1. Regarding TYR260, is this residue of a type outside the set (A, V, I, L, M, F, W, C) and closer than 20 Å to GLY161 by Cα?
2. All but one of (1) in a strand (DSSP E or B); (2) closer than 23 Å to THR190 by Cβ; (3) of a type in the set (D, E, K, R) hold for ASP59; which doesn't?
3. Would you pick out the residues in the range 210-232 that are among the aliphatic types (A, V, I, L, M), crowded, with 22+ Cβ neighbours inside 10 Å and over 13 Å from the mean Cα position of the chain (by Cα)?
4. Considering each of ARG237, ARG219 in turn, give the residue that is among the charged types (D, E, K, R) and either within 16 Å of the ligand (Cβ to nearest atom) or free of Cβ contacts under 8 Å to residues at least 12 places away in the same chain (or both).
5. Where the second residue is surrounded by fewer than 24 Cβ atoms within 10 Å (Cβ to Cβ) and part of a loop (DSSP other than H, G, I, E, B) and the first is hydroxyl-bearing (Ser, Thr, Tyr) and lies in the range 140-158, which pairs have Cβ atoms under 8 Å and are six or more apart or on separate chains?
6. Looking at the range 147-169, which of its residues are within 16 Å of the ligand (Cβ to nearest atom), in a helix (DSSP H, G or I) and of a type outside the set (S, T, N, Q)?
7. Is there a residue being surrounded by fewer than 19 Cβ atoms within 10 Å (Cβ to Cβ) and without any contact (Cβ under 8 Å) to a residue 40 or more places away in the chain anywhere in the range 20-28?
8. What are the residue pairs meeting all of these: first residue in the range 43-57, first residue under 13 Å from ARG159 (Cα atoms) and modelled with pLDDT under 95, second residue of a type in the set (A, V, I, L, M) and surrounded by fewer than 16 Cβ atoms within 10 Å (Cβ to Cβ), Cβ atoms under 7 Å, and 6 or more apart or on different chains?
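The values are calculated or read from the model by the stated rules, or taken from the named source; none is laboratory data. This structure is a prediction, so every number in the text was calculated from the model and none was measured. Don't worry about glycine lacking a Cβ; one is built from the backbone with ideal geometry, like all the others, and counts go over all protein chains shown.
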Amino acid sequence: MTSERLSQNWLDDGFVAVRGAFSEDMMELLRVGTEKAMSEPSETSKEYAEEGKGRFFTDHHMHRRIPEFKKFLDDSTVKDLGGHLMRSKKLNLFDEHLLVKEPGTENPSYWHQDLPYYEIAGTQIISMWIPMDPTSPESGSISFVRGSHRWGKVFQPIRIGLGDLVEEAETFDGPAPDIEAEPEKYDIVTFDDLEPGDCLAFQAAVLHYASPNVSTGTRRRAVSIRFAGDDVTWQPRPYIPSVTDSPDLVAGGPLDSDQYPVVWTEA
Ligand SMILES: O=C(O)CCC(=O)C(=O)O
């Protein structure tokens, strides 16, 4: 598929799968970096799984402390891909979210939009979700509601691995609809056959869900690298979003800063 077609799919559907985007060398960097991250969790890390029921580990801002994540950012095609998909002239890196579900982890990542977890506003906001292991219906699939980023709604955030609403957050347009209860009402697209090197790129307002890892032996390690494009501005929230940052930025102004550096500009 041409990069023009991939970009159009991203704009229209709110997500696109890019197969074979990264070499095995690049994927190995992510795996080595992930082991380091899990053995030395930072203060932003979280553990969601119940004792004895697998492990659901998350952490943020990986390249700031782990050289392998930095090298992936510098040497892989991830920035080019993100910039071209969004048709942006520049990219700010504002987060990298490591999400590891070990075999036997019963926690899904409940239906949600990413936007209310961020302190930014705009439409050119992309997650490059990169699995480090082959994915399957057992080890974890990712589903999207096609076009939901164009509904003009923002739903109240939920705690990703736990499912309860973040009470102190703004209610926005209320809780996300119960997609599972009436799946026939929605255009749901599920990816359950990804290989290391593939990437799912999705927009911050698209509704999505990731299933538990009920496999007995397959890890599901993934990193979501998050870029903001030309139209994105800083929007502080009156509640604590997924990661507490306090950059020296002006509400309504650009993200450019040490914390959210411009990592790519159009050639
Ligand atoms: O990997 C997961 O379980 C969830 C991923 C996700 O929701 C995200 O990156 O926004």
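1. Working: of a type outside the set (A, V, I, L, M, F, W, C): yes; closer than 20 Å to GLY161 by Cα: no.
Taking the combined requirement at face value, the residue does not satisfy it.
2. Of the numbered conditions (1) in a strand (DSSP E or B); (2) closer than 23 Å to THR190 by Cβ; (3) of a type in the set (D, E, K, R), the odd one out for ASP59 is (2).
3. Answer for the range 210-232, where residues must be among the aliphatic types (A, V, I, L, M), crowded, with 22+ Cβ neighbours inside 10 Å and over 13 Å from the mean Cα position of the chain (by Cα): just VAL232.
4. Numbers: ARG237 fails: either within 16 Å of the ligand (Cβ to nearest atom) or free of Cβ contacts under 8 Å to residues at least 12 places away in the same chain (or both).
Checking each option against the conditions leaves just ARG219.
5. From residues that are hydroxyl-bearing (Ser, Thr, Tyr), the pairs are SER141/ASP192; SER141/SER211; SER143/SER211; SER148/TYR186; SER148/ALA205; SER148/VAL206.
6. The one that is within 16 Å of the ligand (Cβ to nearest atom), in a helix (DSSP H, G or I) and of a type outside the set (S, T, N, Q): HIS149.
7. Yes; the residues of the range 20-28 include at least one that is surrounded by fewer than 19 Cβ atoms within 10 Å (Cβ to Cβ) and without any contact (Cβ under 8 Å) to a residue 40 or more places away in the chain.
8. From the range 43-57, the pairs are TYR48/LEU162.
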